[in-house]
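Engineer: First the structure, then my questions, so here it is.
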Amino acid sequence: AFAFEGEDGDLPMATKFIAIIGIFGVAGGYACSFGPLTWLLVSELFPSSIRGRALGGSTITSYCAGAIVSYSFLSVQTTFGP
């Protein structure tokens, strides 16, 4: 991970630029694909009579699952290794 580290401990400008482009690429790719696709699929699964409540329930479930993964990731990684 630090193969390009300079003598002063700082990364070269090209490496920083590539990292920033990669971050924006991942965020842009998610915003154009899986992000909106999730909401589209969930909205098509439920009939119109219960769609509002079902979307609310699926949103809560999605956020809770994301929170569980976020809070447990480091401890699971420490336990089971990289």
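The values are calculated or read from the model by the stated rules, or taken from the named source; none is laboratory data. Note that this is a predicted model, so its numbers are computed, not measured. FYI the Cβ positions are ideal-geometry reconstructions off the backbone, even for glycines, and counts take in every protein chain you see.
Engineer: For Ser43, indicate whether it is assigned to a helix (DSSP H, G or I), over 20 Å from the mean Cα position of the chain (by Cα) and modelled with pLDDT under 90. Steps first, answer last, please.
Structural biologist: Working: assigned to a helix (DSSP H, G or I): yes; over 20 Å from the mean Cα position of the chain (by Cα): yes; modelled with pLDDT under 90: yes.
When the stated conditions are applied, Ser43 passes them.
Engineer: Which of the numbered conditions does Leu11 fail, given that it passes all the others? Conditions: (1) over 18 Å from the mean Cα position of the chain (by Cα); (2) exposed (fewer than 10 other Cβ atoms within 10 Å of the Cβ); (3) at pLDDT below 90.
Structural biologist: (2)
Engineer: Pairs needed: first member in the stretch 50-64, surrounded by 13 or more Cβ atoms within 10 Å (Cβ to Cβ); second member anywhere, part of a loop (DSSP other than H, G, I, E, B); C-beta distance under 6 Å; at least 6 residues apart or different chains.
Structural biologist: Ala54/Phe46
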